[in-house]
1. Could you list, in sequence order, the residues of region 42-54 that are in a strand (DSSP E or B), modelled with pLDDT of 95 or more and loosely packed, with under 15 Cβ neighbours inside 10 Å?
2. For region 10-28, name all the residues that are farther than 12 Å from residue 103 by Cα, among the charged types (D, E, K, R) and touching a strand residue (DSSP E or B) at 6+ places or on another chain (Cβ under 9 Å).
3. List the number of the failed condition for residue 93; all other conditions in (1) within 16 Å of residue 127 (Cβ to Cβ); (2) touching a Gly at 6+ places or on another chain (Cβ under 6 Å); (3) modelled with pLDDT under 95 hold.
4. Please work out if residue 104 is modelled with pLDDT under 95 and over 15 Å from residue 138 (Cα atoms).
5. Hey, residue 57 hits all of (1) closer than 22 Å to residue 126 by Cα; (2) buried (at least 16 other Cβ atoms within 10 Å of the Cβ); (3) at pLDDT below 95 but one; which does it fall short on?
Amino acid sequence: MAYRETEHEAFVVSKLEHEYFAYCKDVPKDLIIDANLSPKGVDILGKWVRVSVHRGNVVCRPVRIIDNLYESRIWNATPQIKVKIEYDGIHGNNLKMFFNDYLGFVSDPHEVMANFDRCSLHQVWIERYKANGTNSRWGISKTQDNHSHET
């Protein structure tokens, strides 16, 4: 069976020994990137990259670092992205859930958004977090700048 190769943008969310894992909005599972496919001498953790994928979620060609699609940072060794989110209601295990058009559902496991305007967009730092019983692959980080919102 031949596999079709596709190109995608992705955000590198974690690293284990000789592999990186990246979020890609077009692929339901994290992409797997062999460390040998990253640019020589460059740690791609927390970087936005363009990748070629085959067999579902396996990156098959050298990774290219691209301009940030969203502002990003590494905070306490954890890659984070700054995004605008809107309130989406209570989901799963009684979690407040928010939504971003690019990244999808974002949970608030640390109750960072205790007091917020439900009709506004809120700009927050998010990080990889899998909330059981939800479709969320992201959580609002405990570490924020001052909350900002738009009406």
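The values are calculated or read from the model by the stated rules, or taken from the named source; none is laboratory data. Note that the coordinates shown come from a computational prediction; the quantities given were computed from them, not determined experimentally. Cβ placement follows ideal geometry from the backbone for every residue including glycine, while neighbour counts extend to all protein chains displayed.
1. Matches in region 42-54: 50 only.
2. 15, 19, listed by residue number.
3. Tallying (1) within 16 Å of residue 127 (Cβ to Cβ); (2) touching a Gly at 6+ places or on another chain (Cβ under 6 Å); (3) modelled with pLDDT under 95, residue 93 fails exactly one: (1).
4. Values: modelled with pLDDT under 95: yes; over 15 Å from residue 138 (Cα atoms): no.
The answer is no for residue 104.
5. (1)
Residue by residue, here is whether (1) in contact with a Leu (Cβ under 9 Å, 6 or more places away or on another chain); (2) crowded, with 17+ Cβ neighbours inside 10 Å holds:
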{"site": "40", "(1), (2)": "no, no"}
{"site": "63", "(1), (2)": "yes, yes"}
{"site": "77", "(1), (2)": "yes, no"}
{"site": "85", "(1), (2)": "yes, yes"}
{"site": "106", "(1), (2)": "no, yes"}
